[in-house]
Amino acid sequence: MSRLHRTAPALWLGGALAILMLAIVFVPAKPVSAKASKAEPAKAAAAQAAPAQDSSQYVGEETCLTCHEDRKKGYHGSPHSRALDPRSPAAAAGCESCHGPGKAHVEGDGDKTKILRPSSMTAKDVTQICLTCHSRGDRAAWEGSQHDGRNLSCVTCHSVHEPKSEKSQLKKTTQLETCGTCHKDKVAKLNRTGHMPVREGKMECTSCHNPHGSMSNVRLLKVGDSINESCVSCHTEKRGPYLYEHAPTNESCVTCHDPHGTNNDRLLVAKLPMLCQRCHVHSRHPATIYDATQTKTSNRLFGRSCMNCHQQIHGSNHPAGNFFVR
């Protein structure tokens, strides 16, 4: 048999495949309406955001907005509104990435029991939805944090659809208002004579605290493993180390100071010399207003301050030793 006869079947098979491929390519596409052309990408995006679900159960963002157009108005301008921009990496995060597949909800004529709604869910379940995207950075320690332990959820402080703040999607206009919803005692202290400049807008609650949790302490401190580490991140001149250390200072800054506010100088928890006398009583020179040898007020303390002499109370490298003098 000649080479031509042997290769003929292969040539016929190749030609048939080529014709079939050309037929597939040039078959006219089925016309798609303008509305469907918009809904399909949204539907695909929602399915992509939650691949564990059946993609056929997603209806797409355009379908949601036929009834919930009012939600879109408050949504615009917020960080979450990036989901509406097809150029954004967050474009896949449509309505159904948080509320779940909407097919049953739509077919049920808007039945509220057939869609995920935060108002009918536990705090833990609501938070788990948010953590699907927001689980990194300063939110990594949320689970097990103080706020998590008090059965709070993300929507306790944040508003997804209608945030009042320019950043962080808070329910209130400012951090202070948001935190003050629960921490009224701390907000009251900020109204005292001496206070951190939170009301003036120079600081925020999150300057010191991480409301989403901390890996190492119960006060939700943003920096360090202790109160002292957090304080000296700004007050570096008090960090030390010192040759002669003051025990209360090493223990905690809040032994003597109230960071939220007091009516005393330097945010002290009591006036001088009364604050010092909480520890320094009956010492060698009059450390109390009255001592065992005299029945009238000490002329060395009346109207004066221990800090007239003992200025380096946070610690000292002075040759005078542990008297913490100038």
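Could we say that THR156 is out of contact with any Leu (no Cβ under 9 Å at 6 or more places or on another chain) and β-branched (Val, Ile, Thr) here?
yes
Answer yes if at least one residue in the range 285-292 is surrounded by fewer than 14 Cβ atoms within 10 Å (Cβ to Cβ), at pLDDT below 85 and under 31 Å from the mean Cα position of the chain (by Cα), and no otherwise.
no
Scan the range 168-180 and tell me whether some residue there is at pLDDT 95 or above, within 17 Å of GLN146 (Cβ to Cβ) and in a loop (DSSP other than H, G, I, E, B).
no
Of the residues that sit in the range 191-211 and are assigned to a loop (DSSP other than H, G, I, E, B) and farther than 18 Å from GLU177 by Cβ, which one is nearest to the chain's Cα centre (by Cα)?
ASN210
If we scan the range 246-253, do we find a residue that is over 16 Å from PHE324 (Cβ atoms) and touching a strand residue (DSSP E or B) at 6+ places or on another chain (Cβ under 8 Å)?
Taking every residue of the range 246-253 in turn, none turns out to be over 16 Å from PHE324 (Cβ atoms) and touching a strand residue (DSSP E or B) at 6+ places or on another chain (Cβ under 8 Å).
Exactly one of these conditions fails for SER230: (1) assigned to a loop (DSSP other than H, G, I, E, B); (2) out of contact with any helix residue (DSSP H, G or I) (no Cβ under 6 Å at 6 or more places or on another chain); (3) surrounded by 15 or more Cβ atoms within 10 Å (Cβ to Cβ); (4) of a type outside the set (A, V, I, L, M). Give me its number.
(1)
Every residue in the range 236-277 that is in contact with a helix residue (DSSP H, G or I) (Cβ under 9 Å, 6 or more places away or on another chain), within 27 Å of ALA188 (Cα to Cα), modelled with pLDDT under 95 and among the charged types (D, E, K, R), please.
GLU251, LYS271
What about MET274, is it more than 25 Å from LEU176 (Cβ to Cβ) and within 18 Å of the chain's Cα centre (by Cα)?
No; evaluated as a whole, the condition is false for this residue.
So, in the range 193-227, how many residues would count as being surrounded by 12 or more Cβ atoms within 10 Å (Cβ to Cβ) and within 26 Å of SER165 (Cα to Cα)?
21
For the range 89-165, which fully contained helices (runs of 4 or more DSSP H) count at least 2 residues that are surrounded by 14 or more Cβ atoms within 10 Å (Cβ to Cβ) and modelled with pLDDT of 90 or more?
Those helices (runs of 4 or more DSSP H) span 103-107, 123-131, 146-149, 154-157.
The values are calculated or read from the model by the stated rules, or taken from the named source; none is laboratory data. Keep in mind it's a predicted model, so treat the numbers as computed, not measured. So basically every Cβ, Gly included, is an ideal-geometry build from the backbone, and we count neighbours across all protein chains shown.
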